[in-house]
Structure formats: structure tokens, C-alpha cells
Amino acid sequence: MQRFEFTLKATDGKARLGEITTPRGTIRTPAFMPVGTAATVKAMMPESVASTGADILLGNTYHLMLRPGAERIDRLGGLHKFMNWDKPILTDSGGFQVMSLSGLRKLNEEGVRFKSHIDGSEHHLTPERSMEIQKLLGSDIVMCFDECPALPATEERVAQSMRMSMRWAQRSRDAFGDRPGHALFGIQQGGVTEELRGESAEALKAIGFDGYAIGGLAVGEGQEAMFGVLDYAPDMLPTDRPRYLMGVGKPDDIVGAVKRGVDMMDCVLPSRSGRTGQAFTRHGVVNLKNARHADDPRPLDEGCACPACRNYSRAYLHHVYRSQEMISGMLLTWHNLQYFQDIMAGMRAAIAEGRFDAWEADFHAGRAEGDIPPL
């Protein structure tokens, strides 16, 4: 069986070009992972997601364990078969939901007890159970179970949380065992404190993982603080393993993260924005709700090859959004995912050719121009 391997192919400054090889296919890095929370990228067919250039999807342990259930997915052949996606899948551990469900949970060293947001049923999620669920799902990349406090938080609170997450990382490693062709990623925590980030990185490296994530960011600290952490956090992690920034983000967040040495990212933003009438383009964010688009026959983004831009006018996209037609979310999500994947492809080519700085300057210049003027 093909083993999980990471090959660093080129660097340009701190920006990295690489490939992750898995039994289910190659992931080109820098990579953006569309989020398929409940075994679907909302408003998209799997083959449509693949057509944008996505090499990997993210699934959500918490949501899938509650509905339809990890054991049921396993009986039905695993998550890949269940959702008709034959490329790699990364599953998060449920740790982020531990944070977001603070009103429904009881947290201690063993794990977290919580009530389902669906039906109020009680569940107990531990590092061992998280590993079991992710094995039942059959994901290619498994994430350690961790706890992530929302920022701002006191340094003492962040330190306590980080150290417990490192103990949970060891338990996750032990429970994961030896699974050829599957990978386990550790998650660095420590908030915005460099010393705590360093302590976390050393603990993770001592345990040993196939890849390393930077967690605990994009949780309320703002872009400036996030970039401040990314100026040093990726350098604390092994150079011969993938680096994954969890839950990020907007296009300029993604570019800034790659510039600082990050290889993988995920975010719900392309699909969530698509369902609310927002489109990301080379000239910034376009709000299709606005009446200025009602008579505009031009494409959303003339430089984009997605179906929304190739086959439909701004006037039509405005109309179907205002009419609450399902095709609106479908087309705008497809466009947004295509735009995000185009960014990744552009950065990969620029790193390979040693022109990342020039590419980044063009990227920011285009967005600074703003949307095309009304007719």
C-alpha cells in the first residue's frame, strides 16, 4: 500500500511547494480543503467540487458522530463511499466543537461530556473515542483530539488548555496505533504567546506525528495577531512534514499564511458566503444582493472559468438570489470554491518559479482596485 508521504519540492522565502502522497491520491500543496461538514459540501455535487481543483475535503467528526453516526457510516462502506468522494478526506477531531459548545459541555481531563445540539442526547468524547470515530469514518488524515479556548483568554487559561491538549495528543497517538496509508496530525496550541507555542511544538515533536497543525487561531484574535503568531509558529514545526492552519480563512488570510510557511488550510467561507449572496473575485468581494447588479449583463468575474461566470450574468445571479432560488447558492458556491482553488494554483506556480512576491503584489493590487464600476 502507498504510504502517506510529504515531499517538499520548492521554497520561495518561507512559502513552500509540496506534495502529499496518499493511497487515495496526491494532494498538491499549498492546498485549500473545502469543508464537507455533514458528508457534503453544501450546494455542491462531489464531482463539481473536484472540478474546481480540490484534492482533499474536510469532514466533521462531531457532526457525523451525531448524524448519521460513525458506526452506520462504517457499515455502509466508509465516508468516501457514503458521500461519493474517492479522493483524500481529512476529519477534524471534534475539538473545535468542544470550544463552541461551551454552554452544553462538561470538560475534564478524561474528555468532554456534552449534549447534542440536535436532540439533547448526552455523549462522551475522549481522545480514544475521537480516534475510534475517525477510524470508522475511514478518513485519510486524522486529527488529534484537543481543546481550544476562545480568544481573548488569560495566559494561564491558554497554558492549562494547551498542556491538557498535549496530554490528549499522546493519548490520541497511542489510540491511533499503526495504520499504514493513514496519517495522524498533532495540533499546536498556545494562543498568541510564543513561549507556549514553543512548548506545545516541542511536546508534539517528542510524540511524533505525520503532520502538524496550527490550532487556536481564527477564533477571535484578528488578522494582525494571527499573522504575528504565524511569523514564528510554522518555523517551530518540522520542515519535512505538512503544516496545516485550521479554520482559515479569507483570501488574504490564506495568502498571508502561505507566505509564512503554511501548507494546508480549510474554511467554510466559500460555501457559506455563496449561500448568502457574496462572491469572492479578483477585485474583492461582490454582494449580489445589491440592486446595482439587476440590469448588468456582464459576468461576475470575466477571468473565472466556473459555470456561474461562464454561463450567467450578474443580473441573473442577482435575480435568483433575490428570488431565493436554490441555484443561487449552487452557482455562487461553485464560483467561490473555484476562486479559492485558483488562488492556490496561482501560488503553487509562483513558488515553483520563484516569483511569489510578485504574485502576491498582483493579488493585493487587484483586490485594492475594487469591483468593476456599475454600467
### Task
Among F340, G186, V158, pick out the residue whose Cα is farthest towards the positive end of the charge dipole of the chain, where Lys and Arg carry +1 and Asp and Glu carry -1 on C-beta, about the Cα centre.
F340
### Query
What residue among M162, M131, M44 shows peak mean-square fluctuation when the chain is described by a Gaussian network model with Cα springs under 10 Å?
M44
### M1, M330 arranged by Cβ crowding within 10 Å, fewest neighbours leading
M1, M330
### Summary
Among (1) 58, 52, 44; (2) 53, 48, 41; (3) 61, 47, 46, the entry matching Cα extents along the principal axes in Å as calculated here is (3)
### Task
Once you have the Cα-Cα distance between S100 and I327, take 0.36 nm times their residue separation minus that, and quote the gain in nm to one decimal.
78.6 nm
### Task
Tell me the label-point distance for the pair R179, A315, using the 7 Å Cα-to-Cβ offset, in nm and rounded to one decimal.
5.3
## Note on the structure
With R₀ set to 45 angstrom, the calculated FRET efficiency between the beta-carbons of H124 and Q2, to the nearest 0.05, is 0.80
### Message
Using a 10 angstrom Cβ neighbour count of at most 15 plus a DSSP loop assignment to flag exposed trypsin sites (Lys or Arg not before Pro), which longest range of the chain is free of such sites?
### Response
15-288
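Under 15 Å from the Cβ of C309, count the other residues' Cβ atoms, weight Lys and Arg +1, Asp and Glu -1, and hand me the total.
Charge balance in the 15 Å sphere: -1.
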### Query
Taking only the alpha-carbon atoms of the range 299-375, what semi-axes of the equivalent ellipsoid follow from 5 times the gyration tensor eigenvalues under a square root, in whole Å, largest first?
28, 15, 9
### Message
Over the Cα atoms of the range 1-135, each weighted equally, I'd like the Debye log10 I(q)/I(0) at q = 0.10 Å⁻¹, rounded to two decimals.
### Response
-0.40
### Summary
The local net charge around L90, scoring Lys/Arg +1 and Asp/Glu -1 for residues other than L90 whose Cβ lies under 12 Å from its Cβ, equals -3
### Query
Using alpha carbon centroids, what distance separates the range 274-309 and the range 1-17, in Å?
34
### Message
Mean-square fluctuation check for the chain, GNM, Cα pairs under 10 Å: which of M226, M166, M344 is largest?
### Response
M226
### Message
From the phi angles alone, apply the Karplus equation (6.51, -1.76, 1.60; θ = phi - 60°) to the range 265-273 and give each ³J(HN,Hα) in whole Hz, x where the residue is Gly or Pro.
### Response
8, 8, 5, 7, 4, x, 7, 4, 5
#### Entry: the range 295-375: GluC sites (Glu not before Pro) in DSSP loop, at most 16 other beta carbons within 10 Å
E302, E325, E353
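Please work out the FRET efficiency for the pair E302 and A225, using the Cβ-Cβ distance as r and a Förster radius of 35 Å; give the result to the nearest 0.05. Intermediate results must be reported in sequence, preceding the final value.
Details: r = 36 Å, r/R0 = 1.03.
Result of the calculation: an efficiency of 0.45.
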### In order through the range 329-339: 3J(HN,Hα) via Karplus (6.51 cos²θ - 1.76 cosθ + 1.60), integer Hz, x for Gly, Pro
x, 5, 5, 6, 5, 4, 4, 4, 5, 5, 4
### Query
For the range 104-167, which semi-axes, largest first and in whole Å, follow from the square roots of 5 times the eigenvalues of its Cα gyration tensor?
22, 17, 10
### Query
How do D295, D12 line up, fewest other C-beta atoms within 10 Å first?
D295, D12
### Task
Just report the Cα centroid separation between the range 161-214 and the range 36-54, whole Å.
29
### Task
Output ³J(HN,Hα) for the range 132-141: one whole-Hz value per residue in order, computed from phi by the Karplus curve 6.51 cos²θ - 1.76 cosθ + 1.60 with θ = phi - 60°, and x for Gly and Pro.
5, 4, 5, 5, 4, 5, x, 5, 7, 10
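Remind me, relative contact order of the chain in percent, using alpha carbon pairs under 8 angstrom and six or more residues apart?
Reported as a whole number, the value is 17 percent.
Using DSSP, restrict attention to beta bridges with both residues in the range 5-267 and report what percent are antiparallel, rounded to the nearest 5. All intermediate terms of the calculation are to be shown ahead of the outcome.
Working: 19 of 42 bridges.
Counting DSSP beta bridges with both partners in the range 5-267, the antiparallel share is about 45 percent.
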## Note on the structure
Simple SL model, points at 7 angstrom along Cα→Cβ for A349 and A38; separation in nm is 3.8
#### Entry: Distant-in-sequence amide H partners of R24 (H built 1.01 Å from N, under 5 Å)
none
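Each value in this text was obtained by applying a stated rule to the coordinates, not by laboratory testing. None of the values given here were measured: they were computed from a predicted structure. Cβ coordinates were reconstructed from backbone atoms using ideal geometry, including for glycine residues, and neighbour counts include every protein chain displayed.
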